[in-house]
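Since the structure comes first, as structure tokens, the remarks are kept for the end.
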Amino acid sequence: GSVRTALGAGLAPFLTEGGLEPFDVTHPDVRHHGFGFQARVGLFPDAVTDSGLGLLFAHNELNWERTPPAQFAGVSHFEQSVFGIFGNLEREPWRITGVLYYLDTEAVGDTYAGRYQGFTTGYLELHRTLQHRLVAFARREDSWDFTRVVYLDLFPNFVTGRTILGLRWDFRPRQALTLQIGATRSRTDAYREFRLQWSGVLF
């Protein structure tokens, strides 16, 4: 078995009217970005598979791109901390993957100063390898304790629950077609999805 660790640091996303904007390597501009770092450690008892458990932590300083919305006029930026646990179990032809996060947000400034608000989110995904290069999968995503989190007022379309069923066909090496259906619930809406997707590595 093995213990695997990872550390990272860099420029955190910034807040826009459309959500979070990551650093654009094609048009580098560091003016609005704060600092962020991540750490991850995992225990993998079986070196042959990716079965294992682990913990992760991340912290980001989320600045505004422009003047904040009126309800956040006194907020200079948000401090976001993420605590997580993940797991992966592989037993051919099955694979189960799950992640659970707790996100803590603090509005820094005159409004909501020093007020931490957190919520929990996560998912569980099940894969089953079939014949003829087919893989069936199911995924459930959920969030809890999010209704009073001020930070999420910036994301009215934040998904609070989703169920997905799908079938992937690996018709060529590094090429796949995926068909999936889903039912999604956000903070403001509920809808169904139907997707047909091609994915592949060209080079």
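Details
- Judged by the gyration tensor of its Cα atoms, with axes a ≥ b ≥ c, segment 5-45 is prolate; a/c meets the 1.5 cut and a/b is the larger of a/b and b/c.
- Highest average packing first - 13-23, 99-109, Cβ atoms within 10 Å: 99-109, 13-23
- Mean Cβ neighbour count within 10 Å, used as a protection proxy, ranking 143-153, 125-135 highest first: 143-153, 125-135
- Surface share of carbon and sulfur [accessible, 1.4 angstrom probe, percent] for the chain: 59 percent
- Its Cα centre serving as origin, the chain has a Cβ charge dipole (Lys and Arg +1, Asp and Glu -1) of approximately 900 debye.
- Span from the segment 72-141 Cα centroid across to the segment 158-203 one, whole angstrom: 17 Å
- Per-peptide average of other Cβ atoms within 10 Å, ordering 1-9, 195-203 highest first: 1-9, 195-203
- The residues of segment 53-203 have, on average, 62 Å² of accessible surface per residue, using a 1.4 Å probe with all protein chains present.
- Charge dipole (the chain, unit charges on Cβ, about Cα centre) - positive-most of Phe37, Leu15, Leu165: Leu165
The values are calculated or read from the model by the stated rules, or taken from the named source; none is laboratory data. These numbers were taken from a predicted model, which means no experiment stands behind them. In this analysis, Cβ positions are derived from the backbone assuming ideal geometry, glycine residues included, and neighbour counts consider all displayed protein chains. The area values use the complete protein model at the heavy-atom level, side chains included, leaving out ligands, DNA and RNA. Shrake-Rupley method; radii C 1.70, N 1.55, O 1.52, S 1.80 Å.
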